[in-house]
Amino acid sequence: MTVDPRLSINQATIRHADLATALRVTTDAGIGAIGLWREPVQEVGLRTAAAMLADSGLRFSTHCRAGFFTMPEGPERRASLADNLVAIEEAATLAAAGAAGSTPVLVLVAGGIPAGSRDLAGARERVRDAVGELAPHAEAAGVTLALEPLHPMFASDRCVVSTLGQALDLAADFAPEVVGVTVDTFHIFWDPDVLASIARAGRERRIATFQVCDWKTPLPADVLLSRHYPGDGVIDFAALTRAVAATGYDRDIEVELFHADIWADAPATVARRVAESFGAVISPNLRPPVDSRA
């Protein structure tokens, strides 16, 4: 099987694999890039993780995740912002260690409505303020902050940014190489304005990363664990992938899956299945359409 050269596997897809195993099964599957998560990196230490990544020969596509800064000013917010600064350093270090073509992208999940509050608009404004505070540090480190909108069902507890349009509005005050957006099919496929928002993101040069997985019902009790292999659900990947490709986005594309059954499978098996599903569902839509008149 020929693996698409733009495929990256997000480490969450093989969540129970430690960093060494994740790097090994990715390379063994012929996948050229990986998106890392902070917890496995911190388990071994940043310097060791960077050395392991360099030895693997893999590109680094994103670092997941930072953010969670919707709370009012106070010690909790200061601690969150300090941790985001650490995450920026991690992303810069890992991108420098990755193979040619690595991208210093830090994915940001904004956080939900603070406990005891109903002020959704205020929480979103605090996201804008937090990004403004972090942006100079990201720019100095050469890191792009990638705001990720999450499906509206997560607005209360995980992310008050629910649409790609909202993420683009928050990013608009900053240079596109400093603050961009994450286009994640799971979270935005439902939006009637999604194709227009992707086109806008392209015009504004804001697409920092493109992540793919499928939506399938019924949802499990833990809706976080409902991200399926591309092609196993209802998302129109042809339309979304072609829309992203039309913007000129030419970076790696991550498969990021959260599903108990997938996590219970052998990491090597999952990596191979990721490559197969990507090749069948995503790759054909990255190529220019064939002119039937030729």
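Going through LEU85, LEU94, LEU106 one at a time, which residue ends up being in contact with a His (Cβ under 8 Å, 6 or more places away or on another chain), within 19 Å of LEU168 (Cα to Cα) and in contact (Cβ under 8 Å) with a residue 40 or more places away in the chain?
LEU106 is the lone residue from the list that is in contact with a His (Cβ under 8 Å, 6 or more places away or on another chain), within 19 Å of LEU168 (Cα to Cα) and in contact (Cβ under 8 Å) with a residue 40 or more places away in the chain.
As an exercise: evaluate GLN11 against (1) touching a helix residue (DSSP H, G or I) at 6+ places or on another chain (Cβ under 6 Å); (2) of a type outside the set (A, V, I, L, M, F, W, C); (3) surrounded by fewer than 22 Cβ atoms within 10 Å (Cβ to Cβ) and give the number of the one condition it does not meet.
GLN11 satisfies every listed condition except (3).
Just the residues that are of a type in the set (Ser, Thr, Tyr), within 13 Å of THR13 (Cβ to Cβ) and crowded, with 16+ Cβ neighbours inside 10 Å, please, taken from the range 260-288.
Listed by number, the list holds a single entry, SER277.
Restricting attention to the range 90-110, report how many residues are assigned to a helix (DSSP H, G or I) and over 29 Å from VAL161 (Cα atoms).
Qualifying residue count for the region: 2.
May I ask you to list the residues in the range 42-78 that are within 11 Å of GLY98 (Cα to Cα) and aliphatic (A, V, I, L, M)?
ALA49, ALA50, ALA51, MET52, LEU53, ALA54, LEU58
Can you tell me which residues in the range 168-187 are without any contact (Cβ under 8 Å) to a residue 40 or more places away in the chain and within 17 Å of the chain's Cα centre (by Cα)?
Result: LEU168, PRO176, GLU177, VAL181, HIS187.
Mind checking which helices (runs of 4 or more DSSP H) fall wholly inside the range 113-226 and carry at least 3 residues that are among the basic types (Lys, Arg) and either modelled with pLDDT of 95 or more or more than 25 Å from ALA82 (Cβ to Cβ) (or both)?
By residue number, 120-141.
Do we find a residue being within 21 Å of GLY248 (Cβ to Cβ) and buried (at least 16 other Cβ atoms within 10 Å of the Cβ) anywhere in the range 151-165?
Checked the range 151-165: at least one residue is within 21 Å of GLY248 (Cβ to Cβ) and buried (at least 16 other Cβ atoms within 10 Å of the Cβ).
Does GLY165 count as under 26 Å from VAL212 (Cβ atoms) and free of Cβ contacts under 8 Å to residues at least 40 places away in the same chain?
In short, yes.
The values are calculated or read from the model by the stated rules, or taken from the named source; none is laboratory data. Please read these numbers as outputs of a predicted model, since none were measured by experiment. Glycine gets a Cβ as well: all are built from the backbone with ideal geometry, and neighbour counts include every protein chain shown.
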